[in-house]
Amino acid sequence: MSIPLSQASQAPPAETRSAWGTVARFAVLVALYVVIVHVLPRPAAIKPEGWRLLGIFAATVCGLVLQPVPGGAVVLMSMTIVSVWGGLSIQEALAGYADPTVWLVMAAFFISRALINTGLARRIALGFVRWFGKSTLGVSYALAMSDMVLASIIPSNAARSGGVVLPILRSIAELYGSRPGPTAALIGSFLFTSVYQSICVTAAMFFTGQASNPLAAQIAGQQGYSVTWASWFLAGIVPGLCSLAVIPPLVMKLNPPAIRKTPEAAAFAASELHAMGSMKRSEWILAAVFVSVCGFWVTSGVHGIDITVTALFGSAVLLVTGVLKWEDVKGERAAWDIFIWYGGLLRLGKALNDAGVTSEFAKAVGSAFASYGWVTLFVVALLIYF
């Protein structure tokens, strides 16, 4: 049906609707700040500037969800506002960008770029599929194990799945004519569901499994609970492996594929590996850096070398040997975007802790749930974390 010219001329242009949407989102952030700072009662233990800081932090997190402007811009604006109303000087507000945790994530992103550029990450994934991919269940396990290995150093499940796992998964599904739509149930729907659930697990298994893990570890450290790469690994490896073992058969029961045997998948992986040829010089260097960095992370409690130093040193080796180009570093847009919002949120979190907001919040939550069991408390803690 065509729209009459008179009605079409009355419809606001797309630019106007977008502008009003941006204004509405900013209005929500301002309203949230006003409610927290001027409506909710402020605990006596928290100073006014600390309470204003809470309002700015809550509005920032809400802004990352609503995104009136990109997330990095929201945090950058918050850092500026904090230096005016949040009780921090501009030097203190920007101190988060010098935090070692931020640079650990950045260095891990640089190493992950080399893993993808050289093809080593793809070679690892194809190797697992060649070894275990003769059945649909085996393909699911192979892709999950590939992501698990890469999660030890790539701090982005989007980079791992989108850059490495997804292309291989899609190719295998298309080998059997399984595409979105009527043929999805052949094999594709099962593989996508199973691998997605597995990737959620691997993101939590390692200190560097996702960018938020080091942030959570630092918050725990501020409360007196030291979390290192090695301690996270020891705590996460058993429940992680158990979860990875259970997910594929559980998904297969809930979302059964029509195809159960996949010898073509193993053959496809073998042919792809053959086409890639033997490992190149850059891959051998990267493999050595990968193993060395992870090894130093695991043994950091023995030799005392900070894991950020190890990661930066590994990045430097890749740059010196030419495995990683400076253009790759400059072009890693996701890493620099995370640098802006991650460093800002890290500083806001530390400032909230210094202002006593975190401890007051913990006391309030603790008293509200004092009579509940550990299962309820665990669920609530997960909700608060996310």
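Here is how the numbers come out for the structure above:
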quantity	calculated
Selected residue (only one of 145, 77 is over 26 Å from residue 295 (Cα atoms), part of a helix (DSSP H, G or I) and open to solvent by 10 Å² or more (accessible area, probe 1.4 Å))	77
Number of the condition not met by residue 273 [criteria: (1) among the aliphatic types (A, V, I, L, M); (2) at pLDDT 90 or above; (3) open to solvent by 50 Å² or more (accessible area, probe 1.4 Å); (4) more than 27 Å from the chain's Cα centre (by Cα)]	(3)
Residues located in the stretch 124-135, provided they are open to solvent by less than 30 Å² (accessible area, probe 1.4 Å) and in a helix (DSSP H, G or I)	125, 126, 127, 129
Condition met for residue 24 (within 26 Å of residue 226 (Cβ to Cβ) and open to solvent by less than 70 Å² (accessible area, probe 1.4 Å))	no
Single residue of 282, 315 found to be of a type in the set (Ser, Thr, Tyr), outside any loop (DSSP other than H, G, I, E, B) and over 22 Å from the mean Cα position of the chain (by Cα)	282
Qualifying residue in the stretch 285-298 (condition: open to solvent by less than 80 Å² (accessible area, probe 1.4 Å), in contact (Cβ under 8 Å) with a residue 12 or more places away in the chain and more than 27 Å from residue 130 (Cα to Cα))	yes
Matching residues, the stretch 86-110, being under 23 Å from residue 29 (Cβ atoms) and surrounded by 16 or more Cβ atoms within 10 Å (Cβ to Cβ)	86, 87, 88, 92, 93, 94, 96, 97
Unmet criterion (only one of (1) at pLDDT 90 or above; (2) more than 30 Å from residue 51 (Cβ to Cβ)) for residue 78	(2)
Residue identified as more than 22 Å from residue 126 (Cα to Cα) and open to solvent by 10 Å² or more (accessible area, probe 1.4 Å) among 214, 249, 182	182
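The values are calculated or read from the model by the stated rules, or taken from the named source; none is laboratory data. The structure presented is a predicted model; accordingly, all values stated were derived computationally and were not measured. When we count neighbours, we look across all protein chains shown, and the Cβ atoms used for this are built from the backbone with ideal geometry, even at glycine. Only protein heavy atoms, including side chains, enter the accessible area calculation; ligands, DNA and RNA are left aside. Shrake-Rupley method; radii C 1.70, N 1.55, O 1.52, S 1.80 Å.
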